[in-house]
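Right, one structure below, let's go through it.
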Amino acid sequence: SRSNFFYHHWVGTPPFYIPWILKRAFARYDYRIWARNQYFFKNGQAVFDRIQEDIDRDRPLILNFYSGAYRRHSVSCMGYRHLTRGQEHRYYALVADNWSDQVRYVDLTYLGSQSPNLFAMTRLALAR
């Protein structure tokens, strides 16, 4: 995205460009994909529910963060965990962040509690 001027050092790559970038990248390998953004503001459980739905259908996701440890960064999501202790529920996304060769978990429980309260998810699937 840097070579096509989609990246800016202050904001990273704005999520609204990511579906277009993905479509072009997959097209280079003769794949047609469907890609759409979905934006969330404060509900970690809603994000988790969407992740769970897509992963269970074998559809990977791109998660785009505006704040926290992954501020201005996009990661590939390929799994999830839901842990319960008594009345407490914790929601985690299993991600590859390109910062490490280890798989990492992102705690989605308090997503949106930081400022700015925005998180974007790019959903994709092979086009029919």
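Structure summary
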| item | result |
| --- | --- |
| Residue that is nearest to Leu108 (Cα to Cα), among those in region 24-81 that are of a type in the set (Phe, Trp, Tyr) and within 14 Å of the chain's Cα centre (by Cα) | Phe48 |
| Meets criteria (surrounded by 15 or more Cβ atoms within 10 Å (Cβ to Cβ), at pLDDT 80 or above, of a type in the set (Gly, Ala, Ser) and closer than 20 Å to Arg36 by Cα) for Ala93 | yes |
| Flag if Arg50 is at positive phi, in contact with a strand residue (DSSP E or B) (Cβ under 8 Å, 6 or more places away or on another chain) and either surrounded by 14 or more Cβ atoms within 10 Å (Cβ to Cβ) or among the β-branched types (Val, Ile, Thr) (or both) | no |
| From the options Ala120, Ala125, residue that is at pLDDT below 80 and within 19 Å of Pro19 (Cα to Cα) | Ala120 |
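So that you can scan it fast, the table gives a plain yes or no per residue for (1) at pLDDT below 85; (2) farther than 21 Å from Ala125 by Cα; (3) not hydroxyl-bearing (Ser, Thr, Tyr):
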| position | (1), (2), (3) |
| --- | --- |
| Phe26 | no, no, yes |
| Arg32 | no, no, yes |
| Phe41 | yes, yes, yes |
| Ile51 | no, no, yes |
| Ile55 | no, no, yes |
| Arg81 | no, yes, yes |
| Glu88 | no, yes, yes |
| Asp97 | no, no, yes |
| Val106 | no, yes, yes |
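The values are calculated or read from the model by the stated rules, or taken from the named source; none is laboratory data. Being a predicted model, the structure only gives us computed values, none of them experimental. Cβ atoms come from the backbone with ideal geometry, glycine included; neighbour counts cover every protein chain shown.
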